[in-house]
Structures are given as structure tokens and as C-alpha cells.
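The values are calculated or read from the model by the stated rules, or taken from the named source; none is laboratory data. These numbers come from a predicted model, not from an experiment. Positions of Cβ are generated from backbone atoms using ideal geometry, with glycine treated the same way; all protein chains shown enter the neighbour counts. The accessibility values were calculated without ligands, DNA or RNA, using every heavy atom of the protein model including side chains. Shrake-Rupley method; radii C 1.70, N 1.55, O 1.52, S 1.80 Å.
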Amino acid sequence: MNAREEVLARLRSASVAGNPATPVVVTREYATTGQLAPGSAEVLARLDETLTDYKATVTRVATTDDVPGAVAAFLGGARTVVVPSGLPEAWLAAYDGEVRRDGPPLSVDELDAVDAVVTGAAVAIADTGTFVLASAASDQGRRAITLVPDHHVCVIRAADVVCSVPEAVTRLDPSAPLTFVSGPSATSDIELDRVEGVHGPRRLDVVLVGP
Amino acid sequence: MTAVELGMPTVAADPHGHLRGTESFPKAAHHALADTQLRRNLGHATRTIRAKRAAVVSEVDDWEELRRAGETIKADTLARLPELLVQLEEQVTARGGQVHWARDAEEANRIVVDLVRGTGADEVVKVKSMATQETGLNEALEAAGVAAFETDLAELIVQLSHDRPSHFLVPAIHRNRAEIREIFLREMPDVDPALTDEPRRLAMAARAHLRRKFLTAKVGISGVNFAVAETGTLSVVESEGNGRMCLTLPETLISVMGVEKVVPTWQDLEVFLQLLPRSSTGERMNPYTSTWTGVTPGDGPQTFHLVLLDNGRSNVLASPDGRQALHCIRCSACLNVCPVYERTGGHAYGSIYPGPIGAVLSPQLTGISGTDDVNASLPYASSLCGACFDACPVRIDIPHLLVQQRAAAVAAHTRPTGQDLTMQAMAIAMTTPGRFKLAEKALGLGRVLAGKKGRITGLPWPMSGWTNARDLPAPPAETFRQWWERTHR
Ligand code: SF4
């Protein structure tokens, strides 16, 4: 018997010996909708709070017209930024440094040489201070571009902000890679206390668009 | 200095890998208890994490409902394990991944070594994975001339100091910042000699040390937190971004997972992504969770291998109660609340799975060969206070399993002792409803052993080696749990 057949055979006979007499009923009595309405002023306020709590810097703007100014302010001293191929051009209209579109894809060394990356997000979770990057979305791009540069500026639209984890998971399509980001890279490995700044971007800025 | 000079195993002789130590728990605990620095480090770290966990768990109104969902999803998964694994295999294969099956640690290592050799690479970057620690993969790679670089900060500390991991989440929990600084100064070739012990500076030193490795690595090796059968999606939950580096930049990715890590549906992640971070690092969410499905053209590794590991899990699955130990999502909450773990640390458990869950999982994975099997003593590494059950996000009834395992160890005896008989009686009592009332009876037993002075100064085999070294405070009259509450929170 090859390993596959043998492992499966062992597991099947273990199932016979160990399975409960009656089928297991999965109980899902937890909340699948959050306390705050998606896209509401309240849910944005909570997201602002939880992002800030985990050391992201947040700028609130009312409409997409204000995005270029907020992005440029965050990019301050950055000489070059990389952006996914489908990022709205207008978002960088007020930035005066060099913009490199990731198409054709930049090499890892080129990514290592840029100062920052600007992206959108697929969905954000107010309860946990998380946003999710979907590699399939043209304003978020392949995973390496948000990983190698040391500074990430993320633009989150009100329509994409939900309150709870289940609401976000329902909206996401796992067939392409996803990255859940909650604050800048951090570690709890020294005496179990959280310190920010290890291998991922050490600086995380968020432009939050909406009420 | 080589591992041999430190008296540590280099290559796991056991086909099971690192699931057995060389000494029984009481003997190993005896050494640990004599190490006051170790106890101080553990006390400080576990106190910190207990407070953080309690704070973020109290924010979640439906925590108990989430725990029940986690428990029943895992129970359902185990009841359908063969079919779910076949489904996972189909999905991963359909998305361009390759799936391999391994009966034991040795076979898993052989598969991975061959895959790495096939790429021509002579080094790999690794993100912390309990499964590859279990199999002793690093030693197998080294024997094949492949250098494995651990990239998780705590794992790096353990690797640089030729030490062994002592905790799931923070394998170097037994080291404080000053010791970490010493290790870095001694072992990192390009480290700044002015390095201080400020945690942020230490983290920066790790970043500088590993940066080139990440940017040039050809092969990444990872563990898996959850594998979704329905979609073939795998996930890794981490903090530092080292996981993202290993999962994204190399050309080839090899992920090794125990067969119990599968979950039926994508929706199930909405439960575990709430339970795991709050229980493990005491965060609302860990900094990074990555999910990927097979191979994605233009994004990340273009060759992907998934290794499914049995290594004793089918034995555990055959036990109607014992299989609960396979629900574990390795959050380490039970370690952090355990009064025994807090005093002895993780090394005393021998196996790479320490703490309350290790005490019930390791003996089941390896089986017990007789009374001289060091893993036979593990189920005694507990005061049955129940804190581990309360903390466990998937409601594994560890106290119940401990008592059962003790009964199993007793059954392997030729000459029962007083302790054995009491334990046997308790095992029977605790299989009936009203478990915690009965657990309090066990506390009564503790008081009998403690005598008038209220200190447990000696216990029959196998705890004698342990209690001789350190008087245990006897459980007070109310309950052990209340005593624990008062002294530890
Ligand atoms: S047994 Fe429960 S508490 Fe302990 S590590 Fe596993 S999931 Fe966490």
C-alpha cells in the first residue's frame, strides 16, 4: 500500500472505532452580523479607534476628492512609491515623487529600493482593526508589493467597512491570495509583549474615506 | 558549539520525531524548578499574556457561542476526516498544487528533503511550524546538506542558541530580553555591538539579520493553521511578516500539516479567526493572516507542495474521547494559565508539545510502551484545576483527558500504588456528568496528601521526583480554581 492509501485506511478504521454514535451537529449561535452597520459613521469611528490602537496612523477624509491630499501628506519624504497596476491615478495626483506601476512586475530588488506602496483594500473589519488585501483586485495587487517596501499607505472606502469578522469572511473570495493586515508588522516574542516593526512594513498609514 | 556537545538529540531516532523526551516529567521538572531565572521569566511572560487575553476575550459578547462553534466544527471535521482530506487534495490539485501523504515523521522528512533537493537549493527559509518541529525536519535537512533558516523571532532565538522550543507560540518564552541580547551578540555575525536589550532594537536586529535571506530564498517551508477542504485554501496566522516573506517570495513553497488541521468550509474561518488571535497573543487580530489556494499565476510561488502528516494522529482518532486532543488549534492559552507549566516551563514535558494539551496529546500520539516510557508520566503533570478547559477556545476537556490518560498509564502497571487506585476511581467518576463537582473531589484528595501542614511535600510515583524538589501549596478548602484565581490573576 502506498502512503496515501495507508493513511486513509488507518483514518477510516479509526473513524469506525472512534466516531460518535450520532452525527455531530455544528452549532452556530454566534453573531454573524456586527453591532454597527456596514459603512456607517459609527463603524468607521470604531475602525479608526482599533487601527490606531494597533499603531496604524489614520487620516479621515469625507470624500474621494480628498484622497490625493491625504495620500501625499502620508508619503511626505518618500522619493519613490510602487502602486498596483489598477490603482486610480488620481490618488497620486498630489504626490510629487516617482511613481512605479507594478506592471510589468518589478523585481524583488526593485521593490526593496522603493520607499513606499499605496493600495486600496477589499474589506476592513472595525471590531479588530483589520483590512484585507485581495491579490485579484487591481488596486491591491500581488502580495509582494505590500510586503517588501517598508511603508504602506492604504485607502479604505466606507462601503468596504464592516463591523465583524464573519461579515468580512462572507464578502471575500478565497480563490486568489488574501492578506489580513492588522497594524504594522509586530512581534510578541520577547516576554510576550507586542512591539511593532519586524519584517513586514514598519509604518502603516490608512486614509479612511467616508462619513 | 554543536548540538551534540549540549547533549541534545541531533537526528530524531524515533520515527515519530520529537514527541518524546529523554527523562520522565517529574525528573525533568526537578531540574526546571531549580532554575530560578527560568521561573521568573515564565512567571513574567505568562502573567503578561493572561492579562491581555482576559481583556480581549471580555470584549466579545458571543465568546461562549464561538467556543461552542469551534468545538463542534472540529468534532464534525474529525468524524469526516478521510472524506475531507480527499476533498482538500482534489481542490489543491485542481488549483495547481501537489499533495503528498506521510505515514510518520521520517516519511514526511524524506518527502520534503527530496523536494528541496529537486529544486537544487541548498538553503530554505522556514516559518514556524509545529508539524516540522514534531518531525525534526531541520535535522533531516541538515543531514542532507540543506541549511534551514528559522525566521520567526522566537524560533530564531531558539535556533541561534542551539536550544529547544518550550511554548507553541513563543518557543523562546523561557528567555528574557537580556538573555536574547546575549544570544544575538554571540551568534549573529553582523550584529551591531552596541545592541541594547530594548525589545524594539532586538526585533530590528532580527530584521537586518534575515532580510537578504528572504529576498533571495528559492524555497520556503511553512506549517498550516487551517486548510479549507471545500476550496483547497490554506492559511498561516502570524505577526512579524516572516510568514508572508516565506509564503510569497520563494519560487517553491512546501507546507507541512497534520491531517487534523483541515476544516470543512471557508465560512468556518470566521470562527477560528476570532478564537485564535484573542486566545494566543491576546490581540483582537494578529498582524498578518495569509490565505492562498494552490498556485496563482503572477503572485507568489509557482510550485506548491502540501504534505499531509499522520504520525500517530490516526491512533488518537480511534479513541472516542481522546480524539478531542486533535481539536487543538495551538493557541497556547492552556499553557499560559497552567500553574504547573508556569513553574516547570515547556522543556520538562520532553515532547515538543508541552503544557496541558501536550500532556494528553503526546502520549496518545506515541502510544505508551510501558511504565518506563517517559511519556507515561505526562498525564500526571497537572493539578486538575480546570483552568485549561476554561481557557481553551475549542473547549477541549483537558482535565477529563488527563484523568483518562492516567487510568491508561495505571493499566500499564504491574504493581498498582495508592495513587493509581485513586486515579482509577476518579477516571470512572469523571466520565459521568457533573465533572467539576467531581474535580473538586480530586482537590479533597490533594488535601489528604498534603496532611496537616497544608503543603504537599511528597507524592507517590510518578510525581515524587517533582514534589521532593518543591513543596506544592495544597489546594485550599474552597476550590483549587478559586485559589488559582486569587494567586494568579
Ligand atoms: S488545547 Fe486548547 S487552549 Fe491549549 S493550545 Fe490547544 S486550542 Fe489552545
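Give me the dipole magnitude in Debye, nearest 20, for the stretch B:334-411 about the Cα centre, with unit charges on the beta carbon: positive for Lys and Arg, negative for Asp and Glu.
That gives a dipole near 60 debye.
For every other residue with a beta carbon closer than 14 angstrom to the beta carbon of residue A:77, add +1 if it is Lys or Arg and -1 if Asp or Glu, then tell me the sum.
Values: positive: A:79, A:203; negative: A:96, A:98, A:115, A:150, A:205.
Surrounding charge for residue A:77 is -3.
Would you calculate the separation in nanometres between label points at residue B:31 and residue A:1, each defined as 7 Å from the Cα along the Cα-to-beta-carbon direction?
3.9 nm
In Å², rounded to the nearest 100, what is the total accessible surface buried by chains B and A against each other with a 1.4 Å probe?
Roughly 7400 Å².
So for the protein assembly as shown, taking the charge dipole from beta-carbon charges (+1 Lys/Arg, -1 Asp/Glu), which of A:78, B:353, A:116 sits furthest toward the positive end?
About the Cα centre, the residue reaching furthest to the positive side is B:353.
Hey, with R₀ at 41 Å, roughly what FRET efficiency would residue A:33 and residue A:12 work out to, going by the Cβ-Cβ distance, to 0.05?
0.55
What whole number of Å gives the distance from the Cα centroid of the stretch A:161-199 to the Cα centroid of the stretch B:220-236?
16 Å
Need one word for the stretch A:36-209: rounded, prolate or oblate. Basis is the Cα gyration tensor (sqrt eigenvalues a ≥ b ≥ c); a/c below 1.5 gives rounded, then a/b vs b/c decides.
rounded
Which shape class, rounded, prolate or oblate, goes with the stretch B:191-306 when its Cα gyration tensor gives a ≥ b ≥ c as root eigenvalues, a/c under 1.5 marks rounded, and past that a/b bigger than b/c marks prolate?
Note, shape of the stretch B:191-306 comes out oblate.
Could you derive backbone 3J(HN,Hα) for the stretch B:344-352 from the dihedral phi with the Karplus parameters 6.51, -1.76 and 1.60 (θ = phi - 60°), listing whole Hz in sequence and x where the residue is Gly or Pro?
For the stretch B:344-352, the Karplus curve yields 9, x, x, 5, 4, 7, x, 4, 6 Hz.
Using a Gaussian network model of chain A with C-alpha springs under 10 Å, which one of A:18, A:103, A:39 is most mobile by mean-square fluctuation?
A:18
How many nm separate the modelled label positions at residue B:321 and residue B:122, each set 7 Å beyond the Cα in the direction of the Cβ?
With each label placed 7 Å out from Cα toward Cβ, I get 5.4 nm.
What ³J(HN,Hα) values, in whole Hz, does the Karplus curve 6.51 cos²θ - 1.76 cosθ + 1.60 give for the stretch A:140-152 when θ = phi - 60°, with x put for Gly and Pro?
Karplus-based 3J(HN,Hα) across the stretch A:140-152 equals 10, x, 5, 5, 4, 6, 9, 10, 6, x, 8, 9, 10 Hz.
Going toward the positive end of the dipole of the protein assembly as shown, with +1 on Lys and Arg Cβ and -1 on Asp and Glu Cβ, which of A:132, A:45, B:388 do you reach last?
My answer, from the dipole projection, is B:388.
Exactly which GluC sites (Glu not before Pro) in the stretch B:41-88 are in a DSSP loop and have at most 14 other Cβ atoms within 10 Å?
Loop-located and lightly packed - B:59.
Report the local net charge at residue B:222: Lys and Arg +1, Asp and Glu -1, summed over other residues whose C-beta lies under 9 Å from its C-beta.
Net charge around residue B:222: +2.
Give, as a single signed number, the net charge of other residues whose beta carbon lies under 12 Å from the beta carbon of residue A:106, with Lys and Arg counted +1 and Asp and Glu -1. Walk me through the intermediate numbers first.
On the way: positive: A:100, A:101, A:142; negative: A:102, A:109, A:110, A:112.
Residues close to residue A:106 contribute a combined charge of -1.
With unit charges on the beta carbons (Lys and Arg positive, Asp and Glu negative) and the dipole taken about the Cα centre of the stretch B:237-299, which residue among B:280, B:293, B:256 sits farthest to the positive side?
Checked the options; the winner is B:280.
Using Cα pairs closer than 8 Å and at least 6 residues apart in sequence, work out the relative contact order for chain A, in percent.
Dividing the mean separation by the residue count of chain A yields 27 percent.
With each pseudo-label sitting 7 Å past Cα toward Cβ, what's the residue B:212-residue B:94 distance in nm, one decimal?
Going by the 7 Å Cα→Cβ label model, 4.5 nm.
Where is the GNM fluctuation largest for chain A (alpha-carbon springs, 10 angstrom cutoff): A:170, A:146, A:80?
A:170
Just report the Cα centroid separation between the stretch B:97-140 and the stretch A:5-21, whole Å.
The distance from the Cα centre of the stretch B:97-140 to that of the stretch A:5-21 comes to 26 Å.
Note down the magnitude of the dipole of chain A about its Cα centre, charges +1 on Lys and Arg C-beta and -1 on Asp and Glu C-beta and zero elsewhere, to the nearest 20 debye.
Here the size comes out at about 640 debye.
Determine the shape class of the protein assembly as shown: with a ≥ b ≥ c the square roots of the Cα gyration tensor eigenvalues, call it rounded for a/c under 1.5, and otherwise prolate if a/b is greater than b/c, oblate otherwise.
Prolate, because a/c is 1.5 or more and a/b exceeds b/c.
Evaluate the charge dipole of the protein assembly as shown about its Cα centre and quote only its size in Debye, nearest 20, assuming +1 on the Cβ of each Lys and Arg and -1 on the Cβ of each Asp and Glu.
2220 debye
With the cut-off at 28 Å, tell me which of the pairs B:74/B:213; A:55/B:218; B:74/B:218; B:218/B:261 have Cα atoms farther apart than that. Could the numbers behind the result be given before it?
Working: B:74/B:213 37 Å; A:55/B:218 33 Å; B:74/B:218 35 Å; B:218/B:261 26 Å.
Checking Cα-Cα distances, B:74/B:213; A:55/B:218; B:74/B:218 exceed 28 Å.
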